[in-house]
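The block underneath contains the structure these notes are about, expressed in structure tokens.
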2 protein chains.
Amino acid sequence: MSEHGNTIVSSVSLLPPETENSSNGDVCFSSAIPGWYADAPPLWPGEAHVYKVEKVLFRGKSEYQELFIFESATSGKIVILNGYLQLSEKDEFVYQEMLTHLALCSIPNPKKVLVVGGGDGGILREASRHSSLEQIDICEIDKMVIDVYKQFFPDIAVGFEDPRVSVYIGDGVEFLKSVPEATYDAIILDAFQEMGPGAQELADKHFLESVARALRPGGVLSTPAESMWNKNFILEDIIADCRKIFKGSVNYAWTTVPVYSSGVVGFILCATEGPPVDFKHPINPIDAVPNHGVTKGPPKFYNSEVHTAAFCLPSFLKGGSSKN
Amino acid sequence: MSEHGNTIVSSVSLLPPETENSSNGDVCFSSAIPGWYADAPPLWPGEAHVYKVEKVLFRGKSEYQELFIFESATSGKIVILNGYLQLSEKDEFVYQEMLTHLALCSIPNPKKVLVVGGGDGGILREASRHSSLEQIDICEIDKMVIDVYKQFFPDIAVGFEDPRVSVYIGDGVEFLKSVPEATYDAIILDAFQEMGPGAQELADKHFLESVARALRPGGVLSTPAESMWNKNFILEDIIADCRKIFKGSVNYAWTTVPVYSSGVVGFILCATEGPPVDFKHPINPIDAVPNHGVTKGPPKFYNSEVHTAAFCLPSFLKGGSSKN
């Protein structure tokens with residue numbers, strides 16, 4: 001981690017979150033800001049988002065990771081996984097809908113999808129809207145995540161109720177190795193590099209090769225990517241690396257998620273060699289034939305217009321300019 | 001202000017920023033987070049963005065408002081106007097470029113533009129790219145803002161160097177009353193409701209009527225609007241009110257600005273009755289005929305694709321769904 005990251009941690013003690021009772025009965029997270037939680041990821045030194053904590057709901061530790069859930073004043077319940085903000089109830093749907101539909105709406109008639117990570121169930125919930133799907137597999141390493149989401153976030157974990165879903169508790173890296181070649185139409189990686197066990201390995205080249213192998217020709221991968229506002233973000237490098245591995249089209253999209261650092265999240269979409277995929281122009285719109293699956297209503301954020309708009313990049317990302 | 005807003009102010013004392021020297025020599029803003037500045041606008045209770053302060057650069061008070069500038073650890077210089085974060089060097093160009101070009105690229109051959117507020121010069125800088133402009137007027141009430149930006153932000157205040165610019169120091173409301181009918185092709189309001197003197201009045205109905213009157217038939221207004229993530233934001237109401245006053249097309253756009261609350265900023269575009277204006281499809285692209293005016297290079301964020309994409313709205317804003 002950078003010097004600045006260390007400065008945050010050591011001098012202000014915003015991370016890791018430690019609950020204690022202050023003298024006036026409020027919940028405290030470090031002595032810095034009593035009653036508030038500070039999200040200060042090391043990749044974003046020198047800044048933090050802080051949230052007023054109304055109530056601590058859960059704190060637990062599995063053999064893999066720590067999970068911490070609190071009710072915030074204005075963003076609903078917020079989940080912290082190993083010290084990183086994973087989602088808030090206020091805006092989780094943006095990430096879940098976009099990560100899922102940017103992939104599944106870009107190919108005709110998807111039948112088999114694999115979710116790696118995603119133990120909250122939100123990606124399953126969104127996949128459930130696609131009536132063409134016959135098989136929705138999920139491989140999540142940590143059963144605690146699934147259990148806790150079912151308890152505290154029924155509107156997210158509802159995805160597990162789709163009868164097409166098969167749950168595999170285990171390591172995504174090992175699971176992918178065991179998958180026969182060309183099995184899936186789409187694979188959705190719902191595991192941030194900074195989050196959870198095995199995440200580092202998930203992002204590495206050999207793992208992505210196993211993802212490409214498990215996809216049919218012209219099959220697609222959707223995975224979150226760093227924000228374009230991060231100073232270490234170099235889009236050309238990411239796209240070049242993915243093109244080498246997947247050999248089909250590769251594209252970057254972005255959208256708003258207020259609780260994430262810099263307020264945006266990026267997505268990388270990759271297609272394997274085969275029938276060409278034009279990620280920017282969805283050919284399988286879900287808004288055309290509404291099917292809510294196990295959900296209670298239509299998507300809150302995603303539509304075909306927003307899909308295309310997400311691939312429209314600022315000039316500084318097109319190599320024509322610099323943001324600095 | 002809401003209860004939550006008061007809670008922030010009174011119990012954590014994040015606002016207003018007060019410098020003092022702590023025992024270890026660091027700059028302090030209240031006792032809550034020594035060495036960090038907390039941006040906690042009352043419209044966004046229960047959350048705040050905090051920035052590590054490397055150095056305090058300026059603190060001053062005119063007859064109208066207070067201005068506070070510091071060098072942040074990772075977002076460049078940050079400006080606080082009357083307790084509200086106005087801009088950071090890291091991302092100011094997004095707001096300035098979009099607010100300007102969403103208007104000026106939507107109409108053919110603009111010749112006269114008025115900027116109300118905008119004493120930093122950034123909107124002038126962007127207007128300067130439009131070679132069709134013959135007259136760029138700006139009415140800013142507070143000369144201190146102009147002077148301080150010229151001193152600390154030469155790359156923003158460079159807009160004042162365009163020979164087509166005329167500066168009027170005075171009240172924008174009074175200035176608009178004195179403008180002959182149908183004078184301008186475009187008017188750009190660069191005064192947040194929360195920011196600066198007269199801002200409340202700027203936003204009111206009578207003022208907008210004087211803006212409409214000062215625009216030629218088919219002329220356009222561009223003004224920042226609240227983030228779609230604010231719980232009090234009701235797009236239908238804003239659009240209906242503006243349609244009544246301007247009588248032409250009215251549209252809402254949004255984009256990413258990391259330092260603003262929720263990480264996005266909204267824009268309202270209004271056209272007066274006359275030649276129809278299709279804000280979503282710019283007919284006067286600046287990327288087609290590069291002309292940098294007084295700037296050093298091309299826009300960093302804006303391009304015609306991003307222009308159109310900014311008008312693509314999430315489903316929850318289209319009335320088909322709710323974000324809550």
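Each reported figure results from applying straightforward, stated rules to the coordinates on display, with no laboratory input. All of these numbers come straight from a predicted model, not from anything done at the bench. Using ideal geometry, Cβ is built from the backbone for each residue, glycine included, and neighbour counts are taken over all protein chains shown.
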note = Plugging the Cβ-Cβ distance of A:GLU174 and B:HIS281 into 1/(1 + (r/R0)^6) at R0 = 30 Å yields, to the nearest 0.05, a FRET efficiency of 0.05
inquiry  = Longer than 31 Å from Cα to Cα, which of B:LYS77/B:LYS296; A:LYS52/A:LYS143; A:LYS244/B:LYS52; A:LYS150/A:LYS177; A:LYS52/B:LYS55 are they? Say none if no pair is.
reply    = A:LYS244/B:LYS52
message = Name the chain B residue nearest the rotation axis between B and A, going by Cβ position, and give the distance in whole Å.
response = B:GLY263, 1
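Let a ≥ b ≥ c be the square roots of the eigenvalues of the Cα gyration tensor of segment A:33-108; is it rounded (a/c under 1.5), or, if not, prolate (a/b larger than b/c) or oblate?
Cα axes put segment A:33-108 in the prolate bin.
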query = For A:HIS307, B:HIS206, what ranking results if the residue with the fewest other Cβ atoms within 10 Å of its Cβ goes first?
reply = B:HIS206, A:HIS307
inquiry  = Just to confirm the numbers: B:SER131, label point 7 angstrom along the Cα-Cβ line, distances to the other copies in nm, shortest first?
reply    = 5.5
ask   = Taking the label point 7 Å from Cα in the Cβ direction, how far apart in nm is A:ARG59 from each other copy of itself, listed shortest first?
value = 3.6
key: Sites A:ASP241 and A:ALA182, calculated FRET efficiency, Cβ-Cβ separation with R0 22 Å, nearest 0.05   = 0.50
ask   = Which stretch or stretches of segment A:272-294 have amide N atoms under 15 Å from the point lying 7 Å from A:LYS111's Cα along the Cα→Cβ direction?
value = none
query = Taking neighbour counts of Cβ atoms within 10 Å as a proxy for exposure, in what order, fewest first, do B:SER210, A:SER222, B:SER261 appear?
reply = B:SER210, B:SER261, A:SER222
task = Rounded, prolate or oblate: pick one for segment B:97-241, where a ≥ b ≥ c are the square roots of the eigenvalues of its C-alpha gyration tensor, a/c under 1.5 means rounded, and failing that, prolate if a/b is larger than b/c, else oblate.
result = rounded
task = Could you order peptides B:271-283, A:111-123 by the average number of other Cβ atoms within 10 Å of their residues, highest first?
result = A:111-123, B:271-283
query = Classify segment B:224-324: rounded, prolate or oblate, from the alpha-carbon gyration tensor (a ≥ b ≥ c, eigenvalue square roots; a/c under 1.5 rounded; otherwise prolate if a/b is larger than b/c)?
reply = oblate
query = Counting only the backbone N, which residues of segment A:105-128 are under 17 Å from the spot 7 Å out from the Cα of A:ASN291 toward its beta-carbon?
reply = A:105-114, A:124-128
